[in-house]
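Structure first, commentary second.
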Amino acid sequence: MRRPIIAGNWKMNKTISEGVDFVKEIKHLGDNTDVEVVVCVPFVSLLSVKKELEASNIKLGAQNIHFEENGAYTGEISPLMLKEIGVDYAIIGHSERREYFNETNETVNKKVKSSLAHDIKPIVCVGETLEEREDNSAKEKIKTQITKALEDVSKDDMKNIVLAYEPIWAIGTGKTASSEDANEMISYIRNLIRDKYDEEISEEVRIQYGGSVKPNNVTEIMNEPDIDGALVGGASLKKDDFTELVRF
Ligand code: PGA
């Protein structure tokens, strides 16, 4: 049985004090151990949020990570720094990072490997544009992204990876993929994992859906057999919405 994982991606929202106040109000959500709850917060808030979550089961995630441990990379944050804070997860290859900060499949792969080497679990994002969906090249795009992201990743390491299928056209737009379409793509991704590794790992790997997940569609999405969780932007910023998502 794959344990569902609901992760909030705050993106560039909430100051440190706002973030701490927020997790104070939601930290009891970690009491339900049937679901893994993660909050991915801005770098500057990680330490304070971590302290606030000390006695909670809620996991902490970063929204990015650099692949080197240190060096002349102005403005970047290394896995060693994140590890010292006690970060559990790092989102890697979010479409906003790929689009606005020129992240490529190659840097995503480096980040995945570095993150694993430092015991930080990657949440690896893939997804197609509307154009790619309409011209039927979505699966090809996803296949390339998955194959490149997981290059030289061993089966053992694969056990520590979470994948997130996020169609770009559904992010922050209020449009969601139908739950059937999302499930179809996620099942396709699961097959790619089976082909690359084996049946066992493909049944074990958790694959989230992301893109305008809200309280009114989360149940339907989570009822799909291959969807193991949600990566949530907008609705993760509001206490009541996030609570409903976790209780899908
Ligand atoms: P959204 O964002 O829920 O606001 O669509 C999802 C994401 O970018 O992970």
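Full extension of the chain segment joining residue 24 with residue 195 gains 57.3 nm, where the gain is 0.36 nm per residue of separation less the Cα-Cα distance. Normalising by residue count, segment 53-149 has a Cα convex hull of 112 Å³ per residue. Of 149, 138, 164, the residue with the greatest mean-square motion in the GNM of the chain, using alpha carbon springs below 10 Å, is 138.
Could you tell me which residue out of 101, 173, 219 lies farthest along the dipole of the chain toward its positive end? Charges go on the beta carbon: Lys and Arg +1, Asp and Glu -1, centred on the Cα centre. It is 101.
Counting only protein heavy atoms and a probe of 1.4 Å, the accessible surface of segment 103-239 is 44% carbon and sulfur. The solvent-accessible area of residue 10, taken with every protein chain present and a 1.4 Å probe, is close to 0 Å². Between residue 155 and residue 2, the contour length at 0.36 nm per residue exceeds the alpha carbon distance by 53.4 nm. In the calculated pair-distance distribution of segment 5-246, the portion above 26 angstrom amounts to 33 percent of the Cα-Cα pairs. Spin-label model, residue 143/residue 69: points 7 Å from Cα along the beta carbon direction are separated by 3.8 nm. Debye sum, Cα scatterers, segment 140-248, no solvent: what log₁₀ I/I(0) at q = 0.23 1/Å? At q = 0.23 Å⁻¹ the computed log10 ratios are -1.23. Extending 7 Å from Cα along the Cβ direction at residue 129 and again at residue 104 yields two label points whose distance is 1.7 nm. The residues of the chain have, on average, 46 Å² of accessible surface per residue, using a 1.4 Å probe with all protein chains present.
The longest part of the chain holding none of the exposed loop trypsin sites (Lys or Arg not before Pro), meaning those outside H, G, I, E and B in DSSP with at most 16 other Cβ atoms within 10 Å, is 3-158. For segment 54-127, GluC sites (Glu not before Pro) are listed when DSSP marks them as loop and at most 10 other Cβ atoms sit within 10 Å of their Cβ; the list is 54. Along the Cα-to-Cβ line of residue 219, 7 Å from the Cα, sits a label point; which residues in segment 4-41 have backbone N less than 16 Å from it? What the label zone holds, given the 16 Å backbone N cut-off, is no residue at all.
The values are calculated or read from the model by the stated rules, or taken from the named source; none is laboratory data. What you see is a predicted model; the values in this text were computed from it and never measured. Note: ideal-geometry Cβ built from the backbone for every residue, glycine included; neighbour counts use all protein chains shown. For the accessible areas, the whole protein counts, side chains as well, though only heavy atoms, and no ligand, DNA or RNA atoms are used. Shrake-Rupley method; radii C 1.70, N 1.55, O 1.52, S 1.80 Å.
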